[in-house]
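I have placed the structure first, in the form of structure tokens, so that the comments after it can refer back to it.
The values are calculated or read from the model by the stated rules, or taken from the named source; none is laboratory data. Quick caveat, the model's predicted, so the values are computed rather than measured. Because the Cβ atoms are built from the backbone with ideal geometry, glycine has one as well, and the counts that use them run over all protein chains shown.
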Amino acid sequence: MQRLQRLSVFYALTYLLSIVSADYLPFREHAGASFFDGWAYYGNVDNTTWGNVTYLDQPGAQTKGLTFINAAGNAVIKVDNTSTLAPPLAQGDVVNRDSIRLTSIDTYGIGSLIIIDVLHLPYGCSVWPSFWTYGMQEEWPNAGEIDIIEGINNMQHNQIALHTPTGCFQAPNPPQSGTTLETDCSTDRGCIVAETKPNSFGPGFAQAGGGVYAVQMDTSGIYVWFWSRPDVPMNIQTATSTDKMSLSTWGMPSAAYPVSACNVTQYFPPQNLVLLTSLCGAWAAVPDIYQSTCKTPTGSCFFDNVLGPPSNFDEAYWEVKYVRTYFSEDLPRPSSSSSSISSTPTASATQSDASAKSSGKTLTSSAMLSYIFSETSATLTLLFSVVVTSMFWV
Ligand SMILES: *[C@@H]1O[C@H](CO)[C@@H](O)[C@H](O)[C@H]1NC(C)=O
Ligand SMILES: *[C@@H]1O[C@H](CO)[C@@H](O)[C@H](O)[C@H]1NC(C)=O
Ligand SMILES: *[C@@H]1O[C@H](CO)[C@@H](O)[C@H](O)[C@H]1NC(C)=O
Ligand SMILES: *[C@@H]1O[C@H](CO)[C@@H](O)[C@H](O)[C@H]1NC(C)=O
């Protein structure tokens, strides 16, 4: 009898220990029929990267079928590939193709982990998809930006970057597998790391069955991972939306921005997630950049793609299995700078961005603390009673 109880105490403690040593607890899942809950649709022209697109509002997106859940239960977020666009009649006329920009209602501070499982990324000449975070509380880039997935035209690899005001750099020789192209995060292009693993973007990404991207915002730095489908770590493959997540088997990240050269707590207050597809614009349409991967009749991103037949955009869609977010159990020290969001709209915030700003949950250390408390108070009570019981038996 005594032996049996000691054994069960042992198992209970082992179980509790495994919970206590878990790295991240689930916060939010966007998946399946409810994928589009918790995002604001931009509902405006692209006035941040000047692509030739209009980002539809939610009713428009539904009517036009640019966001939906497919038969496999995955979210599809696409560019209009059914309309033939005529050239502008007069100089100065705006001709835009419809697309989608989603902004998360929730915000994520240091201590957060975000995982996105994607089957297909938009690609092709003029196409510029991105999945990124930014702090909306100040004028860009004063509250930071993390580019997790980004590429243009016929690029074959993903590009990761941070954007900040002056003073944040990528430290030399960071523990990463990717190739650093720029170390100063305050430059126009940000501090960039090019992915070196195969199939991180374009047709190769889709043909390999897609893959998983993850970003960890830790007090020690910001880290981004990519795995093509065959290489996705087992604990991500098998996780359900309610499982805790450990990073211990993930290996080296593709991009690492250690705190030694960038005080990430200072530069990255709570961030909204953004998922979009632009066309042409400030990066993809720059003539020598465009022509470096796209050989089209006139060499113009806009005239050779956005106009005319819609079939250019048959591959310009996201198919996303889920976006899952987590928070760290190893709580960072609560910091007041990351615990509040200004309600004053900023220049870079649209009306729908502004609604995202005022109604979302902010995942900061204090929010985590109350969440952890509510989630684990029962566990702690159990732990306490187990410890008390074991004291009697030992
Ligand atoms: C396409 O976008 C570029 C860059 O913003 C802009 O200069 C051009 O006028 C746009 N073209 C049309 C027809 O809207
Ligand atoms: C990093 O930034 C935080 C928040 O602004 C600040 O409290 C902290 O002192 C900074 N750390 C260093 C090493 O400068
Ligand atoms: C548009 O793209 C989708 C994939 O997103 C494809 O299934 C469809 O055949 C394409 N063409 C038309 C005319 O819808
Ligand atoms: C983009 O347009 C929206 C709606 O007009 C506006 O609220 C927002 O301030 C604009 N953003 C920028 C960066 O100009």
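Is it the case that some residue within the range 296-313 is within 16 Å of ligand 2 (Cβ to nearest atom) and either modelled with pLDDT under 95 or among the β-branched types (Val, Ile, Thr) (or both)? Within the range 296-313, not a single residue is within 16 Å of ligand 2 (Cβ to nearest atom) and either modelled with pLDDT under 95 or among the β-branched types (Val, Ile, Thr) (or both).
Which of the residues belonging to the range 301-321 are of a type in the set (Asp, Glu) and more than 16 Å from ligand 3 (Cβ to nearest atom)? Selection gives ASP304 alone. Does at least one position in the range 283-300 carry a residue that is within 16 Å of ligand 3 (Cβ to nearest atom), buried (at least 16 other Cβ atoms within 10 Å of the Cβ) and part of a loop (DSSP other than H, G, I, E, B)? Looking through the range 283-300, none of the residues is within 16 Å of ligand 3 (Cβ to nearest atom), buried (at least 16 other Cβ atoms within 10 Å of the Cβ) and part of a loop (DSSP other than H, G, I, E, B). Of note, SER292 satisfies the criterion of being of a type in the set (Ser, Thr, Tyr) and under 16 Å from GLN159 (Cβ atoms).
Across the range 67-116, the number of residues qualifying as among the basic types (Lys, Arg), within 30 Å of MET245 (Cβ to Cβ) and within 16 Å of ligand 3 (Cβ to nearest atom) comes to 1. Report every pair of residues separated by at least 6 positions or lying on different chains whose Cβ atoms are under 6 Å apart, first residue within the range 82-98 and part of a loop (DSSP other than H, G, I, E, B), second modelled with pLDDT under 95. Taking only residues 6 or more apart or on different chains, the pairs are THR84/PRO309; VAL95/PRO88. When ILE110, ILE77, ILE69 are screened for being out of contact with any Lys or Arg (no Cβ under 8 Å at 6 or more places or on another chain) and within 30 Å of PHE303 (Cα to Cα), only ILE77 passes. Among residues of the range 181-195 being of a type in the set (A, V, I, L, M) and either part of a strand (DSSP E or B) or modelled with pLDDT under 95 (or both), the one that is farthest from MET252 (Cα to Cα) is ILE192.
Just give me the residues in the range 111-156 being among the β-branched types (Val, Ile, Thr) and within 14 Å of the chain's Cα centre (by Cα), in sequence order.
So the first thing to find is which residues in the range 111-156 are among the β-branched types (Val, Ile, Thr), and the list is 114-116, 118, 127, 133, 146, 148-149, 152.
Correct list: ILE114, ILE115, ILE116, VAL118, THR133, ILE146, ILE148, ILE149.
Let's see how each residue does on (1) within 16 Å of ligand 4 (Cβ to nearest atom); (2) under 18 Å from the mean Cα position of the chain (by Cα); (3) modelled with pLDDT of 95 or more:
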| site | (1), (2), (3) |
| --- | --- |
| GLN216 | no, yes, yes |
| TYR223 | no, yes, yes |
| ASP231 | no, no, yes |
| MET234 | no, no, yes |
| THR240 | no, no, yes |
| MET245 | no, yes, yes |
| SER260 | no, no, yes |
| PHE268 | no, yes, yes |
| ASN272 | yes, yes, yes |
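Looking only at the range 247-258, which residues are under 24 Å from ALA208 (Cα atoms) and more than 19 Å from the chain's Cα centre (by Cα)?
THR249, GLY251
Does GLY109 satisfy the criteria of being under 25 Å from LEU363 (Cβ atoms), touching a helix residue (DSSP H, G or I) at 6+ places or on another chain (Cβ under 8 Å) and in contact (Cβ under 8 Å) with a residue 24 or more places away in the chain? Here the answer is yes, as GLY109 does meet what is asked.
Considering only residues that are away from ligand 1 (no atom under 16 Å from the Cβ) and surrounded by fewer than 21 Cβ atoms within 10 Å (Cβ to Cβ), which ones fall in the range 308-324? Full working, then the answer.
To start, the set of residues in the range 308-324 that are away from ligand 1 (no atom under 16 Å from the Cβ) comprises 309-311, 314-324.
Those that are away from ligand 1 (no atom under 16 Å from the Cβ) and surrounded by fewer than 21 Cβ atoms within 10 Å (Cβ to Cβ): PRO309, PRO310, SER311, ASP314, GLU315, GLU319, LYS321, TYR322.
Is it fair to say GLY251 is within 16 Å of ligand 1 (Cβ to nearest atom) and in a loop (DSSP other than H, G, I, E, B)? Here the answer is no, as GLY251 does not meet what is asked.
I'd like the full set of residues that are within 22 Å of VAL264 (Cα to Cα) and not in a strand (DSSP E or B), limited to the range 99-142. Hits for the range 99-142 are GLY109, ILE110, GLY111, GLY135, MET136, GLN137, GLU138, GLU139, TRP140, PRO141, ASN142.
The single condition among (1) within 12 Å of ligand 3 (Cβ to nearest atom); (2) on the phi < 0 side of the Ramachandran plot that ASP46 does not satisfy is (1). Within the range 51-70, the set of residues being touching a residue at least 24 places away in the same chain (Cβ under 8 Å) and in a strand (DSSP E or B) comprises VAL53, THR54, TYR55, THR67, ILE69.
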